[in-house]
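Have a look at the structure below, then the notes.
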Amino acid sequence: MSGTKNQDIMRTVIEEAFNRENYEVLERLFANGYIENQFGMSPTVEGMKKDIHYLHRAFPDFHLEIEDLVSSGDCVWARSTGRGTDQGGFMGKPTGRKIEITVMDIVRIENGKIVEHWGVPDRFAALSQLGLLPELQASTR
């Protein structure tokens, strides 16, 4: 497949599944037995649906905005900004606070289906913005 078609697959997963909770695209675009390499993510499409649902329950206005999308060979890299307001409770009681974090994703695609995924959401920034971490002291240098 061309790099443009692979980028379209990644864009569709982000826009439809993560932003609109249209889970049909996961069934269509992930291969059976795909390999999940993101810590804490379920290694099945059914589990991914639950993970996305949990994210939207905690942050009902959650949205990923694609900032960069690059492909090379059978891989696509995406840098996105995730935004949302903690109204449903993320790792505790709802805080009402907003988050804005960077999310990095890489997928490997074979025959039009995602066969492997690596994801790195900036969870540290999310926890800090939600007030779930001790405040960091500014450097005095």
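What follows draws every value from the coordinates through simple rules; no lab data is involved. What you are looking at is a predicted structure, and each value in this text was computed from that prediction instead of being measured. Cβ sites come from the backbone with ideal geometry, for glycine too, and all protein chains shown count toward neighbours.
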Report, ordered by chain and residue number, the lysines lying within cross-link reach of K98, taken as a straight Cα distance under 27 Å and ignoring same-chain residues fewer than 8 apart. K49, K50
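Tally Lys and Arg at +1 and Asp and Glu at -1 over the other residues with C-beta under 13 Å from the C-beta of Q38: what net charge comes out?
On the way: positive: R123; negative: E36, D51, D105, E116, D122.
Residues near Q38 contribute -4 overall.
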Need one word for the range 74-118: rounded, prolate or oblate. Basis is the Cα gyration tensor (sqrt eigenvalues a ≥ b ≥ c); a/c below 1.5 gives rounded, then a/b vs b/c decides. prolate
Any chance you could tell me what percent of the C-alpha pair distances in the chain go past 17 Å? 61
For the range 18-33, Karplus-derived ³J(HN,Hα) couplings (6.51, -1.76, 1.60; θ = phi - 60°; whole Hz; x for glycine and proline) come out as 7, 8, 10, 6, 8, 6, 4, 5, 5, 4, 7, 10, 9, 6, 4, x
Run the paramagnetic zone check for N111: 7 angstrom along Cα to Cβ, then residues of the range 37-58 with backbone nitrogen under 14 Å. none
Could you work out how far helix 45-58 tilts from the main Cα principal axis of the chain, as a 0 to 90 degree angle to the nearest 10? 30
Post the alpha-carbon centroid distance, the range 90-136 to the range 1-59, in whole angstrom. 14
